[in-house]
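Here the structure comes first, spelled out in structure tokens, and everything after it is commentary.
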Amino acid sequence: MAEKTSYAPGEPCWVELASPDVEAAEVFYGGLFGWDCASPGPQYGGYTTFTLGGTPGTEVAGLLKAADPAQPSDWICYFSVADADATAELVRAAGGRVRVPPMDVMDLGRMAVFTDALGAGFGVWEPAAFAGARRVDEPGTLLWTELACRDVETARTFYRTVFGWEFTEEQEGGFSYTEWLLEGRSVAGMVRMDHRWPDDATPYWIPYFAVDNCDATADKGRALGGSVRVPPTDIPPGRFALMADPCGAHFMVFTPKD
């Protein structure tokens, strides 16, 4: 796929891992996806960028050390916006919370981190010199982002207010799935949490990474010290597995159908 240089407001544009052990994360994701790490410079406070095989112009995700050693390792999904400050006001008005207020990141852009009206965390990115992930929708890159929650009606109202998303819902075998639409295009998904989730599970956003072979990737993840929380499973669009890295950060791997 050609380099991606822009994202529409409301479109997923970046994912970032906060980990208590960045060295372990570099080893794990390097072995799993073939990612290399590059630091943009000391002025970024130790922030690291994952790239595809170390090739310039192939930035796929970010990595930073968790501020609190007790903080669980976690992936955060970012969405492009035209104005981070205006989005923060929309988040507050819709019942969400500002966790990290809008701030400049050198000349790259402006970021903020929020929780939605149900408590799921997500970020926004107002681009300047950097638009977001340079490669997507190919093996080893971000393919999809998905919200899991129990109160889908509240989520629909919140994200319509904040990003202008509409939605379409499908029912299959008692399973409900929502696709978020931006000007008619599917940009993200939402699953209704049911008895298959623990009673104490809280709402969350999770990234999906494309892989050539879901089963082989799951096996490789185990060998690298990670775990497979949901084994490779077929669904109409392809085959997925829910995995966790050695520090416990959850993510999906997905092999689309031909």
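Does PHE163 qualify as being more than 15 Å from LEU90 (Cβ to Cβ), of a type in the set (Phe, Trp, Tyr) and open to solvent by 10 Å² or more (accessible area, probe 1.4 Å)? Full working, then the answer.
Working: more than 15 Å from LEU90 (Cβ to Cβ): no; of a type in the set (Phe, Trp, Tyr): yes; open to solvent by 10 Å² or more (accessible area, probe 1.4 Å): yes.
Answer is no for this residue.
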A careful count of residues in the stretch 12-30 that are touching a residue at least 60 places away in the same chain (Cβ under 8 Å) and open to solvent by 30 Å² or more (accessible area, probe 1.4 Å) gives 4
Within the stretch 35-45, can one find any residue that is modelled with pLDDT under 95, in contact with a Pro (Cβ under 6 Å, 6 or more places away or on another chain) and of a type outside the set (Asp, Glu)?
no
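I'm trying to understand the selection: among the residues of the stretch 1-18, which are more than 16 Å from VAL113 (Cβ to Cβ) and at pLDDT 95 or above? Working first, answer last.
To start, the set of residues in the stretch 1-18 that are more than 16 Å from VAL113 (Cβ to Cβ) comprises 1-11.
Hits for the stretch 1-18 are SER6, TYR7, ALA8, PRO9, GLY10, GLU11.
When you look at ARG135, is it farther than 30 Å from ASN213 by Cα, touching a strand residue (DSSP E or B) at 6+ places or on another chain (Cβ under 7 Å) and surrounded by 17 or more Cβ atoms within 10 Å (Cβ to Cβ), yes or no?
Details: farther than 30 Å from ASN213 by Cα: no; touching a strand residue (DSSP E or B) at 6+ places or on another chain (Cβ under 7 Å): yes; surrounded by 17 or more Cβ atoms within 10 Å (Cβ to Cβ): yes.
Spelling it out, it is not the case that ARG135 is farther than 30 Å from ASN213 by Cα, touching a strand residue (DSSP E or B) at 6+ places or on another chain (Cβ under 7 Å) and surrounded by 17 or more Cβ atoms within 10 Å (Cβ to Cβ).
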Any idea which of (1) under 19 Å from the mean Cα position of the chain (by Cα); (2) touching a residue at least 24 places away in the same chain (Cβ under 8 Å) is the one LEU224 doesn't satisfy?
(1)
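Could you list all residues from the stretch 48-63 that are touching a strand residue (DSSP E or B) at 6+ places or on another chain (Cβ under 7 Å) and either surrounded by fewer than 17 Cβ atoms within 10 Å (Cβ to Cβ) or hydrophobic (A, V, I, L, M, F, W, C) (or both)? Outline the logic, then answer.
Taking the stretch 48-63 as the starting set, the residues that turn out to be touching a strand residue (DSSP E or B) at 6+ places or on another chain (Cβ under 7 Å) are 48-54, 58-63.
Selection gives PHE50, LEU52, GLY53, GLY54, VAL60, ALA61, LEU63.
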Checking CYS37 against (1) surrounded by fewer than 17 Cβ atoms within 10 Å (Cβ to Cβ); (2) touching a helix residue (DSSP H, G or I) at 6+ places or on another chain (Cβ under 8 Å): exactly one of these is not met. Which one?
(1)
Please determine, by comparing only the residues of the stretch 137-147 that are of a type outside the set (D, E, K, R) and either modelled with pLDDT under 95 or under 12 Å from the mean Cα position of the chain (by Cα) (or both), which one is nearest to GLY95 (Cα to Cα).
LEU147
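Return yes or no: is LEU90 modelled with pLDDT of 95 or more and closer than 18 Å to VAL113 by Cα?
Details: modelled with pLDDT of 95 or more: yes; closer than 18 Å to VAL113 by Cα: yes.
So LEU90 fits the description; yes.
Among the residues of the stretch 73-108, write down those that are more than 23 Å from MET193 (Cβ to Cβ), surrounded by 15 or more Cβ atoms within 10 Å (Cβ to Cβ) and touching a Ser or Thr at 6+ places or on another chain (Cβ under 9 Å).
The first filter runs over the stretch 73-108 and keeps only residues more than 23 Å from MET193 (Cβ to Cβ), leaving 80-90, 92-93, 98, 100-108.
Narrowing further to those that are surrounded by 15 or more Cβ atoms within 10 Å (Cβ to Cβ): 80-81, 84, 87-88, 90, 98, 102, 105, 108.
Residues satisfying the conditions are SER80, VAL81, LEU90, VAL98, PRO102.
The values are calculated or read from the model by the stated rules, or taken from the named source; none is laboratory data. Here the structure is a predicted model, which is why all the values come from computation and not from measurement. Heads up, the Cβs are rebuilt from the backbone with ideal geometry, glycines too, and the neighbour counts pull from every protein chain shown. With ligands, DNA and RNA removed, areas are computed over all heavy atoms of the protein, side chains included. Shrake-Rupley method; radii C 1.70, N 1.55, O 1.52, S 1.80 Å.
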